[in-house]
Amino acid sequence: WAKAAGRGRWAVYDPDRSARDIARSTLVSELPAALDRGEFVLHYQPIVSLLEGTMLAVEALVRWQHPELGLIGPDQFIGLAEETGLIVRLGEWVLRQSCRDAQGWWRGFPDARLVVSVNLAGRQADDPAIVDTVADALRTSGLPAELLQLELTESAVMGSAGEPLRSLHRLAALGVRLAVDDFGTGYSNLAYLRRLPIHCLKLAGPFVEGIRADGTDVAADHRDERIVDALVRLAHALELWVTAEAVETEVQAERLRALRCDTGQGLYFGAPASAERITDRLRGATPAGFGAGR
Ligand code: C2E
Ligand code: MG
Ligand code: MG
Ligand code: MG
């Protein structure tokens, strides 16, 4: 990659460059209309109890069903939506659709008490209107507040002013759960974390990746496992739940369970799937538990 060589400038001609730039500007200009045309879809990924094997929650993950390019993942457009500010409208759609789907699961399978976990972009969380938006999404969908979890990254929790978001306490007062996403990849201020109304830490994938399929650590000294151990203890000391992200193998799931991690999410427990597939799983069409999504 020529770009890496220079000070942010292209040192040599890169035939891919123009194609990439067109793609980027095309996506930016197409985003607003795509929202109006209903081209975004939500997939839901199971979050499973490591002890019981039951599906306790699902994370809503947005995809763009592009008419020509096919299904586009969020890594391709969430950043653009944040830069252009469209994330506020897109995020509100995600929130409302997630609440509607989760209300359906609650009505159909009340005993499952399935929680829906929705990502909030920093820009969305920073907007004081977020509290009213969440309250309205709950009211219009009829979803009980305790069945909604909001995921914020460490930087979103800290907000643009460098202080924890004021909205967090007001959101928690609505009765929704708050989770810190990708925990361990940002800069968390433990003094704040202690005082914030957070319910759950989601351990970032790279720590879990360090627990290899054959049970040995990548660095052969179990360093990542010891980090996970420490983070789980930290979370439990703060009376928080822990979800491990990116659990891909049975060995990882077993190690995480031994480390007292509460819940896991990842390909081992099930890939992100349509709302209908989640309904099937609640109905028991897919056996719940370890490896159920494979
Ligand atoms: P995230 O919130 O950390 O979501 C978890 C990501 O890990 C998802 O990627 C998921 O598909 C992926 N994943 C699932 N299982 C595994 C596994 O076993 N191994 C590995 N390595 N990865 C796994 P996805 O769907 O591409 O989403 C990427 C990111 O885009 C999300 O990361 C989240 O930050 C963002 N995103 C997705 N939907 C939304 C949304 O509605 N709003 C906002 N603001 N951000 C969103
Ligand atoms: Mg992706
Ligand atoms: Mg997330
Ligand atoms: Mg995450």
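Is it possible to state the helix-based mean residue ellipticity at 222 nm for the chain, with each DSSP H run of 4+ residues giving -39500 (n - 2.57), the sum divided by total residues, to the nearest 500 deg cm²/dmol? What is it? Mind showing how you got there, number by number?
Values: 13 runs with 128 residues, N = 294.
Roughly -12500 deg cm²/dmol at 222 nm, from the helical runs in the chain.
Could you work out how far apart the two model spin labels at Leu71 and Phe109 are, taking each label as a point 7 Å from the Cα in the direction of the beta carbon, and quote it in nm?
1.9 nm
Under the rule a/c < 1.5 gives rounded, and otherwise a/b versus b/c splits prolate from oblate, where does the stretch 176-286 land using the Cα gyration tensor?
Details: a/c = 2.20, a/b = 1.16, b/c = 1.90.
Oblate shape, in that a/c is at least 1.5 and b/c is the bigger or equal ratio.
Where q = 0.29, 0.31, 0.32 Å⁻¹, what log10 of I(q)/I(0) comes from the Debye formula for the stretch 66-107, counting one point per Cα?
-0.95, -0.97, -0.99
Skip the ligands, DNA and RNA, and give the accessible area per residue of the chain with a 1.4 Å probe, whole Å².
On the way: 14710 Å² over 294 residues.
Value returned for the chain: 50 Å² of accessible area per residue.
Take Leu190 and Thr84, extend 7 Å from each Cα along the Cα→Cβ direction, and tell me the distance between the two endpoints in nm.
Taking the simple label geometry, Leu190 and Thr84 are separated by 4.2 nm.
Once the dipole of the stretch 137-201 is set up with Lys and Arg at +1 and Asp and Glu at -1 on Cβ about the Cα centre, which of Thr153, Tyr192, Ala172 lies farthest towards its positive end?
Ala172
For Glu39 and Ala237, what is the calculated FRET efficiency with R₀ set at 35 Å and r taken between the beta-carbons, to the nearest 0.05? Before the final figure, lay out each step's value.
On the way: r = 44 Å, r/R0 = 1.27.
It comes out at approximately 0.20.
Mind ordering 273-281, 70-78 by average Cβ neighbours within 10 Å, highest first?
Details: 273-281: 17.3, 70-78: 14.4.
Peptide ranking by packing, descending: 273-281, 70-78.
At a 1.4 Å probe radius, carbon and sulfur cover how many percent of the accessible area of the chain?
Numbers: 7510 of 14710 Å².
Answer for the chain: carbon and sulfur cover 51 percent of the accessible area.
Glu59's amide H: which non-local residues (gap 5+, or another chain) put their own amide H closer than 5 Å, with H modeled 1.01 Å from N in plane and none for Pro or chain starts?
Under 5 Å from the amide H of Glu59: Gln45, Ile47, Ser117.
Highest mean first, what order results for 93-100, 110-117 on Cβ atoms within 10 Å? Can you show the working numbers first?
Values: 93-100: 21.0, 110-117: 18.5.
In decreasing order of mean packing, 93-100, 110-117 become 93-100, 110-117.
Quick one: among Phe183, Phe109, Phe207, which has the greatest mean-square fluctuation in a GNM of the chain with alpha-carbon springs under 10 angstrom?
Ranking Phe183, Phe109, Phe207 by mean-square fluctuation puts Phe109 first.
Restricting to Cα pairs below 8 Å that are 6+ residues apart, what does the relative contact order work out to for the stretch 121-265? Please round to a whole percent. Intermediate values should be presented prior to the final figure.
Numbers: 223 pairs, mean separation 26.9, N = 145.
After rounding, I find 19 percent.
With the cut-off at 1.5 for a/c, could you classify the stretch 219-277 from its C-alpha gyration tensor as rounded, prolate or oblate?
Details: a/c = 2.88, a/b = 1.46, b/c = 1.97.
Note, shape of the stretch 219-277 comes out oblate.
Rounded, prolate or oblate for the stretch 98-247? Axes are the square roots of the Cα gyration tensor eigenvalues, ordered a ≥ b ≥ c, and the cut-off for rounded is a/c under 1.5. The partial results should precede the final answer.
Details: a/c = 2.40, a/b = 1.45, b/c = 1.65.
The shape class here is oblate.
Normalised by the number of residues in the chain, what is the relative contact order in percent for Cα pairs under 8 Å and 6+ residues apart? The partial results should precede the final answer.
Numbers: 495 pairs, mean separation 50.4, N = 294.
With pairs under 8 Å counted, the relative contact order is 17 percent.
Using modelled backbone amide H atoms (1.01 Å from N, in-plane), which distant-in-sequence or interchain residues come within less than 5 Å of Val242's amide H?
Leu201, Asp262, Thr263
Take the alpha-carbon positions of the chain, form their convex hull, and give its projected area averaged over all directions (one quarter of the hull surface) in nm². Can you show the working numbers first?
Numbers: hull surface 69.1 nm².
Result: a mean projected hull area of 17.3 nm².
The values are calculated or read from the model by the stated rules, or taken from the named source; none is laboratory data. All of these numbers come straight from a predicted model, not from anything done at the bench. We place every Cβ from the backbone using ideal geometry, glycine too, and count neighbours over all the protein chains shown. We work out accessible area using only protein heavy atoms, side chains counted, and drop any ligands, DNA or RNA first. Shrake-Rupley method; radii C 1.70, N 1.55, O 1.52, S 1.80 Å.
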